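The values are calculated or read from the model by the stated rules, or taken from the named source; none is laboratory data. All values reported here derive from a predicted model rather than from experimental measurement. Glycine gets a Cβ as well: all are built from the backbone with ideal geometry, and neighbour counts include every protein chain shown.
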Amino acid sequence: MIVILKPSIDIHSSEYRFTLDTLSQLPGIDIQMHRTQGHLEVIHEIYLIGDTEHISIENIEALPGVSRVIRISAQYQILGRHPKATQGFEFTYNGVVFSQNNLNVFAGLCAVDNIENVEVMMRSLHAHGQTCTRMGAYKPRTSPYAFQGLGKTCLPYVFEKAGKYGIKVIAMEVTHQRHIEEIIEYLNQAGNPTGVMLQIGTRNAQNFELLREVGSQKEFPVLFKRGYGITLGESLHAAEYLAHAGNHNIIFCLRGVKSLFGPPHRNMVDFGHVPVIRRLTKMPVCIDPSHSVGSLERTPEGLSDIFHATAQGVISGANMVLVDFHPFPPTAVVDSKQAIPITNLGWYLEDIAIARDAFEKRVLLARKKLNA
Ligand code: PEP
Ligand code: MN
């Protein structure tokens with residue numbers, strides 16, 4: 001059940017306190033607060049989690065601070081886009097806005113390999129006006145003998161260079177609570193020059209304990225990658241674990257699914273699901289064309305399949321692109337076949353802008369036709 005409070009209610013007012021106290025005392029119900037800064041006003045929602053069947057909507061609507069109440073029958077209680085509650089989850093983290101209405105690009109290193117490459121990457125991103133990146137420090141690999149990432153040893157220079165080049169958010173996979181503690185420790189040591197988005201990798205999509213741990217901290221937003229061998233519904237339920245634990249700042253990432261029909265791509269590209277996630281949930285949607293496509297093969301015009309897949313996701317409304325770049329791709333220690341040379345960053349960003357522009361034109365056309 002979602003309780004929507006009166007617009008711009010004063011959180012110090014007695015009506016607010018009374019409403020919150022009353023809801024907190026409902027037996028067997030946990031409450032979660034969600035605050036969204038809309039264009040004109042702040043929207044306060046209170047999620048009642050648990051068996052809400054017996055709770056009367058009329059009684060809750062009679063509370064002084066309440067504007068309206070929505071009973072949720074949908075399975076994705078927090079993340080689902082419920083009829084009548086069309087507002088998406090928009091949040092701002094370290095000055096960067098994440099929403100179903102905009103687009104952020106996270107181009108960067110799949111795996112950090114050395115300080116020089118981090119410097120080259122950050123400098124290039126900055127030169128192209130970018131404020132977000134990806135930098136893998138902890139790399140869960142198929143084989144225990146493969147390079148496992150530099151771990152915490154690279155964090156001091158990754159954070160320092162990010163600060164130097166105005167990078168605000170770094171997407172970084174974590175596989176254990178310890179990694180979050182290390183990230184906090186090294187961010188603090190560096191004087192918090194940047195922010196981090198915690199990434200849940202596809203292999204951990206149903207690691208429910210990890211999801212609970214990552215979801216129960218609110219400092220960092222979360223990038224949740226769909227499971228590569230489970231249904232979309234199962235991945236959405238898994239993302240709901242994060243929200244249920246308390247963190248609503250979640251971005252859902254499509255990264256392809258394992259299939260015998262995927263090759264010659266690394267995975268079966270699943271960007272046809274971008275509109276599905278935007279329709280079913282309030283989460284911004286990310287696409288990862290690098291891990292979906294997995295190679296830099298090109299079509300006759302010279303555009304690589306990764307460029308094409310990116311455009312396909314963006315033209316249908318993707319809100320974030322997570323993509324592997326490298327200063328010298330053949331030398332990359334992880335996923336070298338799919339890393340785009342950093343010299344092509346400008347071209348890639350221009351190509352994305354064309355696709356985003358086309359998406360926005362499609363939205364305007366749809367509005368015109370539907371209102372005609
Ligand atoms: C990654 O983004 O570096 C990664 C390992 O992705 P995935 O979990 O989708 O395989
Ligand atoms: Mn990778």
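Observations on the structure shown:
- Per the conditions (1) away from ligand 1 (no atom under 16 Å from the Cβ); (2) buried (at least 17 other Cβ atoms within 10 Å of the Cβ); (3) of a type outside the set (S, T, N, Q), the sole criterion not satisfied by ASP335 is (1).
- Within region 1-26, residues that are within 22 Å of THR52 (Cα to Cα) sit with their Cβ atoms under 8 Å from residues that are small (Gly, Ala, Ser) and loosely packed, with under 15 Cβ neighbours inside 10 Å, at 6+ positions apart or across chains, in these pairs: ILE4/SER67; LEU5/SER67; LYS6/SER67.
- Inter-residue pairs, beta-carbon under 9 Å, first in the same structural domain as PRO289 (by TED's automatic domain parsing) and in region 326-342, second more than 15 Å from ligand 2 (Cβ to nearest atom) and assigned to a strand (DSSP E or B), 6+ apart: HIS326/PRO341; PRO327/PRO341; PHE328/PRO341; PRO329/PRO341; ILE340/SER304
- Criterion violated by LEU26 - all others in (1) more than 20 Å from HIS248 (Cα to Cα); (2) in a helix (DSSP H, G or I) satisfied: (2)
- Screening region 82-114 for residues that are charged (D, E, K, R) and more than 17 Å from the chain's Cα centre (by Cα) and picking the one that is modelled with the lowest pLDDT gives LYS84.
- Within region 269-281, the presence of at least one residue that is touching a helix residue (DSSP H, G or I) at 6+ places or on another chain (Cβ under 9 Å) and either within 22 Å of GLN177 (Cβ to Cβ) or within 16 Å of ligand 2 (Cβ to nearest atom) (or both) is confirmed.
- Residue check, SER290 assigned by TED's automatic domain parsing to the domain that holds ARG123, surrounded by 17 or more Cβ atoms within 10 Å (Cβ to Cβ) and hydroxyl-bearing (Ser, Thr, Tyr): yes
- Within region 309-318, the set of residues being farther than 30 Å from ASN114 by Cα and either more than 15 Å from ligand 1 (Cβ to nearest atom) or among the hydrophobic types (A, V, I, L, M, F, W, C) (or both) comprises ALA311, GLN312, VAL314, ILE315, SER316, GLY317, ALA318.
- PRO64, sole failed condition from (1) of a type outside the set (A, V, I, L, M, F, W, C); (2) at pLDDT 95 or above; (3) part of a loop (DSSP other than H, G, I, E, B): (2)
- The single condition among (1) of a type in the set (A, V, I, L, M, F, W, C); (2) within 16 Å of ligand 2 (Cβ to nearest atom); (3) under 30 Å from TYR76 (Cα atoms) that VAL334 does not meet is (3).
- Region 310-328 - residue that is buried (at least 24 other Cβ atoms within 10 Å of the Cβ) and in a helix (DSSP H, G or I) and, of those, farthest from ligand 2 (Cβ to nearest atom): VAL314
- Where GLY201 falls short, out of the listed (1) in contact (Cβ under 8 Å) with a residue 60 or more places away in the chain; (2) within 16 Å of ligand 2 (Cβ to nearest atom); (3) surrounded by fewer than 23 Cβ atoms within 10 Å (Cβ to Cβ): (3)
- The lone criterion from (1) at pLDDT 95 or above; (2) within 22 Å of ASN101 (Cβ to Cβ) left unmet by ARG279 is number (1).
- In region 293-307, residue farthest from PHE91 (Cα to Cα) [restricted to those that are within 16 Å of ligand 1 (Cβ to nearest atom) and surrounded by fewer than 24 Cβ atoms within 10 Å (Cβ to Cβ)]: SER295
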